[in-house]
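Okay, structure first, notes after.
FYI, it's all coordinate maths here, none of it is from the lab. Small disclaimer: the values here were computed from a predicted structure and weren't measured. We place every Cβ from the backbone using ideal geometry, glycine too, and count neighbours over all the protein chains shown.
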Amino acid sequence: MTEIWHNPRCSKSRQTLAILEAHGEDITVRRYLDDAPDVATLRAVLAALGVDPINIMRKGENLFKELGLGADTDDATLIAAMASHPILIERPIVIKNGKARMGRPPESVTEIL
């Protein structure tokens, strides 16, 4: 099973979903804005990605600035912010067999297919 954290309004997310479909993947589409991941799920995905929380955040979002978040904010606070405000999560993220990749560029997800 392959899961994609998807926002249909995002062109990169749509392109990534198309790549998964073209590879014949059995896909679970998680519209993460409506079905926000909890803190434990975010921690697991961060571990699968091998990155720090700041690396999957939309730092250009007004909310990021309004919440006073920055590169020096501790990981727990960043993760809690993403769980409470999923708009802060960069998309798309694809998860398969304990591995994950950001779909930026969309073709990067083929590494785990």
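With axes computed from alpha carbons, what is the tilt in degrees of helix 11-22 against the longest principal axis of the chain, rounded to the nearest 10 within 0 to 90?
Relative to the chain, helix 11-22 is tipped by roughly 30 degrees.
Using Cα pairs under 8 angstrom and six or more residues apart, how large is the relative contact order of the chain, in percent?
Working: 165 pairs, mean separation 40.9, N = 113.
That works out to 36 percent.
For the pair residue 23/residue 65, report the inter-label distance in nm, with labels modelled 7 Å from Cα in the Cβ direction.
Each label point is offset 7 Å from its Cα along the Cβ direction, giving 3.6 nm.
Run the helix sum for the chain: -39,500 (n - 2.57) per DSSP H stretch of 4+ residues, divided by residue count, reported at 222 nm to the nearest 500 deg cm²/dmol. List each step's numbers first, then the result.
Values: 4 runs with 38 residues, N = 113.
Rounded to the nearest 500, it is -9500 deg cm²/dmol.
Label the range 1-44 by shape, choosing from rounded, prolate and oblate, from the square roots a ≥ b ≥ c of the eigenvalues of the Cα gyration tensor; if a/c is under 1.5 it is rounded, and otherwise prolate applies when a/b is larger than b/c, oblate when it is not.
Working: a/c = 2.62, a/b = 1.48, b/c = 1.77.
Oblate, since a/c reaches 1.5 and b/c is not below a/b.
Given Cβ point charges of +1 (Lys, Arg) and -1 (Asp, Glu) and nothing else, what value in debye, to the nearest 20, does the dipole of the chain about its Cα centre take?
Working: 14 positive and 16 negative charges, 58 e Å.
Around 280 debye, computed over the chain.
Between helix 75-84 and the chain, what is the angle of the helix's C-alpha long axis to the longest principal axis, kept within 0 to 90° and rounded to the nearest 10?
70
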